[in-house]
Each structure stands twice: as C-alpha cells, then as structure tokens.
Amino acid sequence: MHKTVLKVGGSNLKSIEDFSRIISLMKTYERPVILVVSAFYGVTDCLEKAVSDESYAGELLEYLHRVHRLVLERYIIDKDRIVRASEELTVCLSALEELLSSKERHQVATINEILSFGEKLSARVIQALLDANAVACRLALPEEIGFVSNQRFYQGSILLKKSSHNLKKHLNADVTWVVPGFYAISEQGKTVLLGRGGTDYSAACLAHCVGASYLDVWKDVEGYLSGDPKIISGVKKISHLSYQEAAELSYFGAKILHPRTIRPLVSKRIQVRLFNPEKHLEPGIRNEATRISYKTTTGKEVIKSVTSDEDVALLKLKGSGVGIKKGILAEVTGAFDKAHINIRSVVTSQTAIHFIFSRTNLQAAKQIVDEINRNLDFDTEIDDDIAWVAAVGQGINQKEGVAARIFTALAKADINVQQIVLGASEVAIYFVVQRKLVSKAVQSIHQEIFNHNNQ
C-alpha cells in the first residue's frame, strides 16, 4: 500500500504559476502517493457567497469555469486531453448549477454538497494536469471509494474502521491517487463537510486508513515557530514536535494544521512532515520545516512555542452552588451538543461555571443557557472582549519555575490575567486576557523565554 499521503492546501493553489510547483513536487516522490487537495484559493468563500446570494450563481459558475479551464490550457499540451478534462469540468459545474437552482438549496445537506465542489473541481483539474505531465494518476472521489463519516453536517468525523475496509479495496492499485479533501460521505449517502480547513483532517484519516508511514503537508509557511512572526520578533524554528504538542498548538491558535489532524495518526504512529514547496522544493531532497511524531523531546527552556487566539468568548453561569448543583453541567453541555455548539473550554468552581466558545457561537450558547436557567435562578454574563494565550512544551507541568516565569513576565508588562488553566494538559498552560493585550502578552512571554539573553 501507499507509504506516503501528501496534502496540498489552498494557499499553494493561489496563482497559475503554483501548479508548476505542484507538478515538480510530485515528481520528487520515487513511488506512488495519495495526493489530497484543497479547493483553489478563495473558491470555498465564493461558494458560500452563492449559497446566501442567489443572484451570484451565474457569475460564480462563469468564474469557476474560467479559472479551472485556464490551468488546464496552461499545463496540458495534448488537445484531446484538454477536451476530455474540459468535458469533466463541464459535467461537474452542471451538477453544481443544478444544486444552486434547486428548491432545497438552503437545506443543510444541500449546502454541504454545494460547498464540496471547490475540492471536486480542484481534484479533477490537478489529476488531469499531472497525468498529462508524466505523473500517472487516477481520481478517487470519497463517494466512490467509501470514505465515510458520521452525518454531522459541517463538522463530520470519519468512521475510520469502515473507511479503512473500503479504501483497502478501492485504492489497492499501485498508482498515485488524487483525492479531494474537506468532505466525506455519510452512510446515508449525504455529503458531509469536515470543517473549514478540514483537508488536513481528510489527509490524516486517509493516512490512517491505508497504513501510511508519512503524512506530508505542503503549506506556504516555514513549519511551526516559537511564536507568530507577524507580531513577535526573533522567532525560532521548531524542528520537532510530539503529537501532543502539535495538537495543543493547533487547538490554541497556531494555524499550521487543523486541530483534528493529529488524532487519527497517533495509534499507527504516522509521522507528519511539514514542507514549504516554494523554499524547499529540490528533487530528491526532503528538507522538512517541522517533523511531528510519537517521540517526545524536551529542550532547555521546556516551552517550544507561545500562541494565541482571539476567536474566543466567555459565557459565565454564576451563583452560590452552581458549580456543584447535580446535573446542571450535564444538562447545559448536552444542550450545546444537540445544537452543534463546540465548547472550547469549561472551568467550574463553587460559585461559577465558565464556558469558552468561538465568538460566532456565543449568542446561541447564551440563549440556550438562559432557557435552561429559567427555573434555576442563576446569573448569566457574557464577555466577548477576551483572547487566550497558551504556552506549549513537553514537560511544562513538571519543570519548576516555568509558570512563575510566564506570569512574572506578564506582571512586568502590566497585563492582568483573568483566568488560568494549568494541569488539564501535560504540555500546555493557557490563560485569558483582554483582547487588546494579547499581542503584548505573547511578546512579553516570548521575550522572557527565548530572548532574555539578548536583553
């Protein structure tokens, strides 16, 4: 079976010149791989616009035909190949047009199917141009190979055992396969999206299902760094992360990998290799930016990276005994789950329960809690002027003095910490500050941990 699953994201599919790098990249692999692709850059946003704005559908279809046809004509010389690829493109766009004009266009299942067309189009085009440029490959659509998920629309989870059984039958030929990411098919035959950025997760699940040794992720970044270079000077490259470290960094705001990418890889010890094709693409050379594996490494400073996320908001349920009242936490979290609202964090005490959500879910969560609270008589309060900051590194909870250094640095910078969570993870400390102070907070911590000798 295939030993490497390769993922190429939309950030590497921005301009027509990017596809030349994709062709060169694929030729560096000495044996067939499974290539998982995102939509062309910006296409999913356009599809979302067409869902909400019916008048945009015609313009969208013309745009999609033009940009995908342009790639075919640039990289395929054989006219017969162009004709065949164009015909497939037309069939795909016709199916999209039918969905956009249907009476069910605003139903959840139909929206999920509409938004999957960015990857469906991208995979067809990339398969055609690779096959025409000496990289023999075939197209493998999730609905054809049995890449199945539960039916939780927008945020589906792959059914690994069933998908593994199906993929071993359908992907047994020793050729390169091109697979569209971002969606799967439920057992009921519905298209289910895997979340924005879910192509990473698609690729990780495919790697699990076929028993790959490596998941190679090509992105327009230099791998994981000790901080965000947009707001921190003197950041350092991280050559290796454990599964736990990478998962926590993704969860707390580092945008390198989708937060669900790591979990399918752990049981089979599949290594992740991050590459930047623009800077590291040389035939026969594997100069990865960051490697992620089951191994753990602890440096002198313990902390490997400081990250942050401003897309969080706080909902407080307050009152004497609220934290120990029997059944209230289960009732509230059950209601959130039923409404498909993801809880980012929850902290309880005798007098309060604090829930952290993505900001887009805050008002819906507040309505749910207010409804439950009608017969409980507790107080509710929201705070959407927060951000969280996390410090991540193996051994962070065992090394004495690490937390003290972090919070001393914050105190020197006159930053008040509103909430601290230490011990929930073996490799992470996180805390909440005012949103306007988040950049100053990560700068202060990074300076203390990584650059204090340069002061």
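Here, each number is a calculation from the coordinates, and none is a lab measurement. Just so you know, these numbers come straight off a predicted model, no measurement behind them. Cβ atoms come from the backbone with ideal geometry, glycine included; neighbour counts cover every protein chain shown.
Observations on the model:
- Across the chain, the fraction of Cα-Cα pairs farther apart than 36 Å, rounded to a whole number, is 35%.
- In terms of distances greater than 32 angstrom between alpha carbons, the cross-link table entries 169/237; 168/190; 236/366 yield 169/237; 236/366.
- In sequence order, calculated HN-Hα J values of the stretch 298-311 (Karplus, 6.51, -1.76, 1.60; Hz; x Gly/Pro): 10, x, 4, 8, 6, 5, 9, 7, 10, 9, 8, 8, 8, 8
- Here the gap between residue 29 and residue 143, fully extended at 0.36 nm per residue and compared with their Cα-Cα distance, gives a gain of 38.3 nm.
- Residue 236-residue 343 FRET efficiency (beta carbon distance; Förster radius 41 Å; 0.05 resolution): 0.80
- The stretch 110-125 - phi-based ³J(HN,Hα) in whole Hz, Karplus 6.51/-1.76/1.60, Gly and Pro as x: 5, 4, 4, 5, 4, 6, 7, 6, x, 6, 4, 5, 4, 4, 5, 5
- Ranking of 337, 45 by count of other Cβ atoms within 10 Å, fewest first: 337, 45
- For the stretch 306-454, the gyration tensor built on C-alpha atoms gives a prolate shape. Its axis ratio a/c (a ≥ b ≥ c) is at least 1.5, and a/b is the larger of a/b and b/c.
- Cα-based shape type of the stretch 147-251, given that a ≥ b ≥ c are square roots of the gyration tensor eigenvalues and the cut on a/c is 1.5: prolate
- Residue separation of residue 169 and residue 103 scaled by 0.36 nm, minus their Cα-Cα distance, works out to 20.1 nm of gained length.
- Note, ³J(HN,Hα) from phi for the stretch 208-225, Karplus 6.51, -1.76, 1.60, rounded to Hz, x at Gly and Pro: 4, 5, 9, x, 5, 8, 9, 10, 9, 10, 9, 9, 8, 9, 8, x, 7, 10
- Summarising the label geometry, the points placed 7 Å from Cα in the beta-carbon direction at residue 411 and residue 80 lie 7.8 nm from one another.
- Residues within the reach of a label modelled at residue 376 (point 7 angstrom out along Cα to beta-carbon, backbone nitrogen below 17 Å), restricted to the stretch 304-338, are 314-338.
- Between residue 440 and residue 16, the modelled labels are 4.9 nm apart [label points 7 Å from Cα along Cα→Cβ].
- Prolate/oblate/rounded call for the stretch 334-381, Cα gyration tensor, a/c under 1.5 rounded: oblate
- In the chain, the calculated helix contribution to ellipticity at 222 nm averages -11500 deg cm²/dmol per residue, counting -39,500 (n - 2.57) for every DSSP H run with n ≥ 4.
- When peptides 402-411, 35-44 are sorted by average Cβ neighbour count within 10 Å, with the highest value leading, the order is 35-44, 402-411.
- Alpha-carbon centroids, the stretch 1-39 and the stretch 119-186: separation in whole Å: 14
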